[in-house]
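Structure, as structure tokens:
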Amino acid sequence: MTGNGNRFEFYFQIVIVTRSYLDIILQAKMSDPAVTDVSGEDKIDEDAKSIKSGPKSQPGSKQPSRAGSAQSGKSGKSSGRPAMAATPAGSARGDNPAADWRQMRRIIAEDPAYSLATVPLLVDLCIKHIVTHFENNSTILNDLPLRYKSKVLDKISTDIPLKITANLVQEEDYWKRCCKARWEICDVSQYGSNWKRMYFERNLQQIVENFVPETTDPNELNETLPLSANYVKKLDVQQLLPPVREAPKGPDFDDASDAGSDAGDEPECDHFNFAPVLKCLTNLEELHLTYGVSDCGMNFEWNLFKFTARDCLQLAQCVAACKHLKVFHLSRSTLDDDKTRVLISHILDHPSLITLDLSHNTISDRGARAIGKFLNNRSQLVSLNLCDNDIKVLGAQAIAHALTKNTTLQNLNLRLNRLGDEGASAISRALQRNSTLQKINLGSNEFGEATAPFLQEVIMQNTTLKSMDLSCNKLGPEGGKQIQEGMEVNTTITHMDLRITDCGQEAEYCIQQILHRNKETERQSKIQDNSGRIWKRLPPQAAHRFKPEVPTITVS
């Protein structure tokens with residue numbers, strides 16, 4: 001037993017001495033560039049020779065002896081681990097990144113492809129494994145610490161299906177990468193500065209815009225809707241495609257097609273049905289629609305831009321059922337009087353609709369009467385846009401009558417209609433009685449000098465209007481003087497557009513000076529109100545120290 005113990009101790013000392021020699025050889029190689037550059041079999045041969053002949057001596061240092069090595073082996077045995085080699089020179093580290101032995105492995109294998117670089121950290125290997133198999137085991141993300149979770153989200157692919165990431169990933173950085181990878185232009189300010197909301201809204205928008213009824217497979221839409229329900233607040237659809245019709249067979253097909261396209265007598269085709277979409281989007285607040293095709297090119301046909309009666313009925317029912325909808329835009333969709341009456345009849349009692357935009361359509365007097373009835377009813381409208389329609393005198397009178405009773409509307413746009421002087425007089429009389437409207441646009445409505453006296457009365461008596469657009473109306477120099485006289489009394493209007501009205505430079509200059517005065521008065525009043533609020537918020541013990549400065553207002 002004693003012999004076996006002495007033999008084991010002898011072998012252990014041999015191992016310690018060999019390890020010390022290997023450390024000295026490694027240190028010599030790292031400090032000598034000529035030796036460091038040796039690779040492959042030459043390196044192995046040099047290691048073998050150095051082990052046989054002993055370590056090379058450094059200048060100015062003593063040659064280590066076997067006795068010293070044995071002694072160090074004994075000390076290593078007593079302390080539990082062998083002595084470490086000296087640190088290489090700083091210049092060697094700068095020349096060779098692998099010169100620092102603390103950043104390399106301590107064992108040199110016989111494989112010439114063996115690398116001295118350190119093994120990656122176990123944490124990095126785990127993160128790499130999670131990223132590689134994220135689709136198969138995505139639930140592990142919730143169990144990771146925050147610092148490791150962010151590393152995983154920075155490395156996972158943006159092409160992972162939405163059914164995995166929709167309700168799992170909430171970090172904005174990941175959804176920002178998804179948006180940048182999919183679209184070149186990303187204006188997140190239009191989506192409440194929320195990248196996740198932007199991704200889901202634009203993704204759903206593209207699905208709807210490229211959906212062809214009776215042709216496109218609805219599976220993608222049906223899978224996306226429940227995943228997008230919690231994140232979509234606005235849906236802005238720029239085009240809606242009609243069903244694809246089969247081309248008629250016959251020798252005269254080209255001639256018949258051209259004749260039908262010019263006459264506009266193609267059979268009506270229904271577009272996308274929004275009923276299942278609006279039913280799923282419980283957080284939808286804004287809906288912007290355009291029934292038409294963008295970039296149709298040489299494939300133009302009238303039915304591509306045909307907003308059918310069935311389309312109108314389906315859409316009206318969907319909007320009426322969407323009780324949480326606040327903004328509804330239906331522009332450039334050939335909306336005529338009959339369809340307007342159908343739409344308005346369904347949304348008369350809508351509880352939350354505050355903005356209605358029916359611009360760039362073909363609404364005339366009958367449609368304007370329906371809109372006037374909507375304003376007379378229990379509507380909550382704050383903004384109404386009827387720009388670029390065909391509203392004339394009777395329609396203007398219906399809207400004017402509604403303005404005398406409405407108490408919620410603040411913004412009205414009637415630009416690019418055909419009101420004329422009679423319609424302008426009706427609107428002006430209504431504005432003298434209205435006390436809520438703050439902004440009105442009457443540009444390009446064929447006004448003449450006869451309209452100026454009515455506008456003058458509005459400017460002098462109305463105390464709530466802040467913005468008025470009268471551009472592109474031939475008011476003339478006399479009309480400009482009358483508007484100037486009204487503005488000298490007014491103190492609330494801060495914006496007035498008189499471009500292309502022939503009012504004269506003198507009248508326009510005086511009106512601009514008055515507008516500047518009203519803006520300054522409004523600014524000073526806001527400053528004074530803010531000072532009063534600060535005074536009320538101060539604690540009682542410090543109130544006597546604060547003396548708000550009341551600005552002096554000079555009116556020239």
Integer Hz, Karplus 6.51/-1.76/1.60 couplings in order for region 366-378, x for Gly and Pro: 5, x, 5, 5, 5, 5, x, 5, 4, 5, 6, 6, 8
Of K439/K526; K128/K234; K151/K279; K176/K526; K392/K519; K233/K439, those spanning more than 30 Å from alpha-carbon to alpha-carbon: K128/K234; K151/K279; K176/K526; K392/K519
Net +/- balance of residues flanking I156 in space, Cβ distance below 12 Å, scoring K and R +1, D and E -1: 0
In sequence order, calculated HN-Hα J values of region 393-398 (Karplus, 6.51, -1.76, 1.60; Hz; x Gly/Pro): 5, 4, x, 5, 5, 5
Dipole magnitude of region 119-186 about its Cα centre (Cβ charges: Lys, Arg +1; Asp, Glu -1), debye to nearest 20: 60 debye
Cα→Cβ-extended label distance, 7 Å offset, between Q317 and D124, nm: 6.2 nm
Most to least accessible of M460, M298, M487 (protein chains only, probe 1.4 Å): M298, M460, M487
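Compute, for region 359-431, the length of the dipole vector about the Cα centre, with Cβ point charges of +1 (Lys, Arg) and -1 (Asp, Glu) only. Units Debye, rounded to 20.
Working: 9 positive and 5 negative charges, 54 e Å.
I would put it at about 260 debye.
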Table column - 3J(HN,Hα) (Hz), region 402-407, Karplus curve with 6.51, -1.76, 1.60, x for Gly and Pro: 5, 5, 6, 10, 6, 10
Global size of region 150-239 as Cα Rg and Dmax, reported in angstrom: 13.4, 44
Whole-Å distance, taken between Cα centres, linking region 124-153 and region 267-326: 42 Å
Accessible surface of region 119-186 [probe 1.4 Å, protein heavy atoms]: carbon and sulfur percent: 54 percent
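Within 13 Å, Cβ to Cβ, of K405, how many net charges do the neighbouring residues add up to if Lys/Arg are +1 and Asp/Glu are -1? Write down the numbers at each step before the final one.
Working: positive: K373, R378, R433; negative: none.
Neighbourhood net charge equals +3.
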Computed label-point distance, nm, for sites T491 and T334 using a 7 Å Cα→Cβ extension: 5.4 nm
Convex hull projection area averaged over all views, region 119-186, Cα basis, nm²: 5.1 nm²
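Given a Förster distance of 30 Å, report the FRET efficiency between N377 and K519 from their Cβ-Cβ distance, rounded to the nearest 0.05.
Numbers: r = 36 Å, r/R0 = 1.20.
Result of the calculation: an efficiency of 0.25.
Would you mind estimating how fast region 171-217 diffuses translationally, via Stokes-Einstein at 4 °C and 1.567 mPa s with the Kirkwood radius over Cα pairs, in µm²/s? Spell out each step's value before the answer.
On the way: Rh = 11.5 Å.
Translational diffusion coefficient: 113 µm²/s.
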Full-extension gain in nm, D502 to T132, via 0.36 nm per residue minus C-alpha separation: 126.1 nm
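The values are calculated or read from the model by the stated rules, or taken from the named source; none is laboratory data. Since this is a predicted model, take the numbers as computed values, not measurements. When we count neighbours, we look across all protein chains shown, and the Cβ atoms used for this are built from the backbone with ideal geometry, even at glycine. We work out accessible area using only protein heavy atoms, side chains counted, and drop any ligands, DNA or RNA first. Shrake-Rupley method; radii C 1.70, N 1.55, O 1.52, S 1.80 Å.
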